[in-house]
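To keep things clear, I will list the structure first and then write my remarks on it.
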Amino acid sequence: MTDKPLEITRAFKRDDLATFIAHTWGTYNAQRQSKINEWKELRNYIFATDTGTTSNSANPWKNSTTLPKLCQIRDNLHSNYLSALFPNDNWLRWEAYDQESSVKEKRDAILAYMSNKTRQSNFRIEVGKMLLDYIDYGNAFGTVEFVNDYQENEDGTRTVKYVGPISRRISPLDIVFNPVASSFENSFKIVRSFVTAGALQNIVDKLADQDAARKALQRRGELLKHANHLGTTDLGKAEGLAVDGFGSYFEYLQSNYVELLTFYGDIHDATTGELRRDRKVIVIDRMWVISDESIPSWLGRAPIYHVGWRNRPDNLWAMGPLDNLVGMQYRT
């Protein structure tokens, strides 16, 4: 159970739930804008080739030379962290909690399976991306999912490409949660992602309640069809509903991408007093719910994990190793 579940004030209607989840995403994302601006400034200094792309561009210097101090520190940290986590090809170890689990046959089988899956799924590369988040943002997020990937052959048979668990990085810019919860595990989470229309169809095909999802897609198609008959100026008022990174809502509808907001956690209806625990809700276009089900996990909670570099008191958003060092790049 989360410390503070998502609070809604109307009955559990699918469209109302989509509205509250979208509103919660927008609210929590807006509240951290000042921190996002700091992350952007840090990123500009890391990748700067001259001061023209940094905040130092406003200073009256005759030259635009920049010394990549932060970039060098970042590269060194990443190299050291990666070497410590993966010192050699046999980095994985099995630590048994009881005597039965330490039987040689079991240990060898587990190590062989996990070594194969981590190698085939490029686990080391994915962890490397998370380490960059750990350095740049001070916060790294990851999840795991089970993949069934086959190739269809001309003779109708299927060739297995990969079947098993795979680790996924979640960008710190694409997740919000309650930063004052007792722990990340006990907070609700909303993860944003963008998928193509074809990828969305694959997601729908795997859902338990496909009828509700197909109705939502049908409504989206009707809106898109209607939008095709309008000009950009006709949808001027809709620009206030702009989806991050896609300009106006009209432009978003014309693109081949669909925004997903996936909510994990508890939901409480203040009107009826109903509390729904451990829910996973998928919202498309910040308008329609295509899935509302229990979190599919043996642990009963979201399979999303977080690690911070320097923890803050009363705030789950941690501090990064480069945050104190940005001032080294200032030229005064």
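The values are calculated or read from the model by the stated rules, or taken from the named source; none is laboratory data. Predicted, not measured: the structure shown is a model, and the values here were computed from it. Cβ: placed from backbone, ideal geometry, glycine included. Neighbour counts: every protein chain shown. Surface areas here come from the heavy atoms of the whole protein model, side chains and all, with no ligands, DNA or RNA. Shrake-Rupley method; radii C 1.70, N 1.55, O 1.52, S 1.80 Å.
May I ask for the Kirkwood hydrodynamic radius of region 63-216, worked out over all distinct Cα pairs and given in angstroms to one decimal? Walk me through the intermediate numbers first.
Numbers: mean 1/r = 0.0505 Å⁻¹.
After inverting the mean inverse Cα-Cα distance, the result is 19.8 Å.
Averaged per residue, what accessible area in Å² does region 146-224 show with a 1.4 Å probe, protein chains only?
On the way: 4420 Å² over 79 residues.
With all protein chains present, region 146-224 gives 56 Å² per residue.
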Efficiency of FRET between LEU299 and THR196 - r from beta-carbon atoms, R0 41 angstrom, step 0.05: 0.85
If I model a spin label at ASN116 and SER34 as a point 7 Å from the Cα along the Cα→Cβ vector, what separation in nanometres do I get? 5.3
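Over region 135-191, what percent of the accessible surface lies on carbon and sulfur atoms, probe 1.4 Å?
Numbers: 1240 of 2700 Å².
It is 46 percent, rounded to a whole number.
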Write down the radius of gyration of region 30-147 and its Dmax, each obtained from C-alpha positions, in Å. 21.0, 71
Taking the convex hull of the Cα atoms, report for region 61-102 its projected area averaged over all directions, in nm². 4.8
Just to confirm, what accessible area per residue do you get for region 285-332 at 1.4 Å probe, in whole Å²? 57
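Full extension from MET328 to GLU154: what is 0.36 nm times the residue separation minus their Cα-Cα distance, to one decimal in nm?
Numbers: separation 174, 0.36 × 174 = 62.64 nm, distance 6.00 nm.
Fully extending the segment from MET328 to GLU154 adds 56.6 nm.
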One computes Rg over Rh for region 254-332 from alpha-carbon atoms, with the Kirkwood Rh, and obtains 1.16
Electrostatic dipole magnitude of region 102-201 [Cβ: Lys, Arg +1; Asp, Glu -1; Cα centre; debye, to 20]: 320
Once you put a point 7 Å from the Cα of ASP314 and another 7 Å from the Cα of LYS69, both along the Cβ direction, what distance in nm separates them? 3.2
